[in-house]
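Notes for the one structure printed next.
The values are calculated or read from the model by the stated rules, or taken from the named source; none is laboratory data. This structure is a prediction, so every number in the text was calculated from the model and none was measured. Note that we place each Cβ from the backbone using ideal geometry, even for glycine, and neighbour counts take in every protein chain shown. When the accessible area is computed, the model is the full protein with side chains, heavy atoms only, and any ligands, DNA or RNA have been set aside. Shrake-Rupley method; radii C 1.70, N 1.55, O 1.52, S 1.80 Å.
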Amino acid sequence: MALWNQRNLKAPVVLNAACKSQHIKNQISSLAKTSTNMLTYYSSLNEFEKAAAYQTRFVNRWRDRLRNMHGFQIMRRLNQTLIRIKNMDLTQVIMDFHSFLPDTGYIEREVNLPVRSNLEYMLVRMQGLCKLLMRVVFLTKEAARYHLKQIAINFLYQTFSMFLGLMGELWLFARSVCRRTVQFYDELYPALDILPETKVKWLPNDYQLPESLAEWLGEEYERDILQTEEPTDSLELEGNSNIFSLLQHHAVDEEESLLARFKPASSRDEEEESKPTTFSSVPKALLLHTLRSDTGEVVSRKEGKKNASNFDAKQLDHIRSKFHVQQFIKQERQNRTDSPAKAHTKGISEKQFGDFNVRLMKEFNRLSSAEFVKFFKEQFLELVTG
């Protein structure tokens, strides 16, 4: 099996090594900028994740009633592909790599950079991601063609109309993410020459990373991801049909504008205002809690926060530094997942706990260690006592 297609690909050890930056400062700055852009982009695909969650829910909801229908079987295969994309967890791979990059504000003469094998692993993962996204594009188009046939004969009209809309949304997102991934790959590839190498190579000798990911993906990428067609008034349901006729737009620019509609105007404004300048100096643990919070929909409950009045502030007396705060947050996150009964915030929703982490992250670099510990205790007590 090809390296990029391995489901449980073993990652190399995350390492860094010292190297001279005299002649490569521009390349280092470009690498850090690309890494920051990737981290920002892949951590903001909430609408794509929501559409994938709807897909999983639909498959589970109708798995008995529609199990013998060809279009539903395609949706099941599509669901498995989306699960593989989620399990790839590219955001964490980027975060591990980015945590070793220096701040672009000032680059010293000798800097510590991530080793070449870490970038090679990320590039291989991006190859696999593009292949999976192209399969999503293919399966959504096939499923949409089938759903249209059912709608044409007025069979389960509401159900298949809902399926069709979801296929169009997934198709749009998959194409957009695939194009951006190819763009990021082409920006990262030249950095292989400036990163230090380790004695033991991770990439097999018979495996060659392509210089251009678009060329490696071949004709299928150009046909399904890049190509746009003129819309027609009639819907073709045979093999030469294209989902563009369903979405009623012509070009990539219109496709991007359609994607923008999925995001409310208020959230777009908030993203512009809160867009980070750099992630280099933020602790990886705190940042991961913020970027990778797997939250669901907020559900209103009649009961208040459980055990809110039973929390003893003396349990925080051992926290005296920023490091202690990081360890406490890490342990609390683990308890919330593995042993909710042991967590101090077991009555707190995931959204509230995520907002709490965001507030800490914003003040981590600005405040001194003593001030930050005081700020943490105030925020935590406010969180658990309400």
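No other residue among L139, L113, L172 is surrounded by 22 or more Cβ atoms within 10 Å (Cβ to Cβ), in contact (Cβ under 8 Å) with a residue 24 or more places away in the chain, more than 28 Å from N205 (Cα to Cα) and more than 17 Å from the chain's Cα centre (by Cα) apart from L139.
Conditions (1) in contact with a Pro (Cβ under 8 Å, 6 or more places away or on another chain); (2) farther than 30 Å from R145 by Cα, marked per residue:
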residue	(1), (2)
L3	yes, yes
K10	no, yes
V14	yes, yes
Q22	no, yes
I28	yes, yes
N46	no, no
L66	no, no
M88	no, no
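Residues in the range 7-57 that are without any contact (Cβ under 8 Å) to a residue 40 or more places away in the chain and more than 20 Å from M95 (Cα to Cα): H23, N26, K50, A53, T56, R57. What do you reckon, is A53 open to solvent by less than 40 Å² (accessible area, probe 1.4 Å) and part of a helix (DSSP H, G or I)? In short, no. One residue alone among N79, N60 is without any contact (Cβ under 8 Å) to a residue 60 or more places away in the chain, assigned to a helix (DSSP H, G or I), assigned by the TED database to the domain that holds E197 and open to solvent by less than 60 Å² (accessible area, probe 1.4 Å), and that residue is N79. Among the residues making up the range 3-18, those that are exposed (fewer than 15 other Cβ atoms within 10 Å of the Cβ) and more than 11 Å from N118 (Cβ to Cβ) are N5, Q6, R7, N8, L9, K10, A18.
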